[in-house]
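Colleague: A single structure is presented below for examination.
Just so it is clear, none of the values below were taken in a lab; they were calculated from the coordinates. Keep in mind that what you see is a predicted model, and the values were worked out from it rather than measured. Note: ideal-geometry Cβ built from the backbone for every residue, glycine included; neighbour counts use all protein chains shown.
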Amino acid sequence: MSDIKYILGSFGDPDEMMHGIEKLQENNISIYDVYTPMPIHGIEAKLGIKRSRIDIAAFCFGITGTCAAFALIYFCAVIDWRVNIGGKPSFALPDFIPIMFELTVLFCAFGMVLTYYASTHLFPGRAPRVMDLRATDDRFVIAIDANDNAAHTEIDGLLKDAGALEVKYNERKYISYE
């Protein structure tokens, strides 16, 4: 087993990178990941990335906030400290809608921050993993797992034919900004 973990094809143009992805997929070469300095329309579909389910998580956090607000208001206003003010009912729902809305937003916001950190493994204090520093500036990088694909020279040739400016063989050493 070699020390090479990833083969990185660096492109200067997003269209050339998309062409490189097509060439690699035509030859049944699996792509580990793609790094770009800006969002590229249609790349998720080309790589076969499934639609995110983060909206379902947001809905669940929001419903949890609404239910928590309802339970807290009901407990305080009806069970624990019933106050008779001018003959009004103890639990007047329209009065408590703003509080329920605010807790819905609060739970959703905090829950989404935690979900984002958990799904991307970007917890505070952790150094980011970057394959090639130029991928955050002006290069479009295709990373191919070298252990899954044995034909390194074929991959090198395909990337160069697609317009790669540079092909690097990378070990699994991530560059940190520290």
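Colleague: Output the relative contact order of the chain, whole-number percent, from Cα pairs under 8 angstrom with separation of 6+ residues.
Modeller: Numbers: 213 pairs, mean separation 95.4, N = 178.
Over the chain, the number comes to 54 percent.
Colleague: Could you count how many Lys pairs in the chain have their Cα atoms under 16 Å apart, skipping same-chain pairs fewer than 8 positions apart? Walk me through the numbers on the way to the answer.
Modeller: Details: Lys5/Lys168; Lys5/Lys173; Lys23/Lys46; Lys23/Lys160; Lys160/Lys168.
The result is 5.
Colleague: Using a cut-off of 10 Å between beta-carbons, work out the net charge of the residues near His19 (Lys and Arg +1, Asp and Glu -1, His19 not included).
Modeller: Around His19, the surrounding residues sum to -4.
Colleague: Using alpha carbons only, how many degrees (0 to 90, rounded to 10) separate the axis of helix 54-74 from the longest principal axis of the chain?
Modeller: Computed tilt is about 20 degrees.
Colleague: Now, a different point. Angle check, please: helix 93-120 long axis (alpha carbons) against the longest principal axis of the chain (alpha carbons), in degrees 0 to 90, nearest 10.
Modeller: Tilt relative to the chain: about 20 degrees.
Colleague: Here's another thing I want to ask about it. Projecting each Cα onto the charge dipole of the chain (Lys/Arg +1, Asp/Glu -1 at the beta carbon, about the Cα centre), which of Ile155, Val83, Phe110 comes out farthest on the positive side?
Modeller: Of the options given, the answer is Val83.
Colleague: If each residue of separation counts as 0.36 nm, what is the full-extension length gain between Cys60 and Ile4 once their alpha-carbon separation is subtracted? Let's see the in-between values first.
Modeller: Working: separation 56, 0.36 × 56 = 20.16 nm, distance 4.25 nm.
Separation in residues times 0.36 nm, less the Cα-Cα distance, equals 15.9 nm.
Colleague: Dipole magnitude of the chain about its Cα centre, charges +1 at Lys/Arg Cβ and -1 at Asp/Glu Cβ only, in debye to the nearest 20? Please report the intermediate quantities before stating the final value.
Modeller: On the way: 16 positive and 23 negative charges, 177 e Å.
Computed about the Cα centre, the dipole is about 840 debye.
Colleague: So how long is each side of the chain along the principal axes, counting just the alpha-carbon atoms, biggest first, in Å?
Modeller: For the chain, the Cα extents along the three principal axes come out at 84, 33, 29 Å.
Colleague: When the helices in the chain are scored as -39500 (n - 2.57) per DSSP H run of 4 or longer and the sum is shared across all residues, what 222 nm value do you end up with, to the nearest 500 deg cm²/dmol?
Modeller: Numbers: 5 runs with 77 residues, N = 178.
After summing the helix terms and dividing by residue count, I get -14000 deg cm²/dmol.
Colleague: Provide, for q = 0.17 Å⁻¹, the log10 of I(q)/I(0) from a solvent-free Debye sum over equal Cα point scatterers in region 82-178.
Modeller: So the normalised log intensities are -0.95.
Colleague: Using alpha carbon centroids, what distance separates region 113-167 and region 54-109, in Å?
Modeller: 46 Å
Colleague: If you average the sequence gap of Cα pairs under 8 Å that are 6 or more apart and divide by the length of region 53-120, what percent do you get for the contact order? Kindly include the intermediate steps, with their values, before the conclusion.
Modeller: On the way: 46 pairs, mean separation 34.7, N = 68.
In percent, rounded to a whole number, it is 51.
Colleague: Still on this structure, I have one more. Based on C-alpha coordinates, I'd like the Rg and Dmax of region 53-120, in Å.
Modeller: In order Rg, Dmax, the Cα atoms of region 53-120 give 15.3, 53 Å.
Colleague: Based on the Kirkwood radius over alpha-carbon pairs, what is the Stokes-Einstein translational diffusion coefficient of region 1-84 at 37 °C with 0.692 mPa s viscosity, in µm²/s?
Modeller: Calculated translational D: 184 µm²/s.
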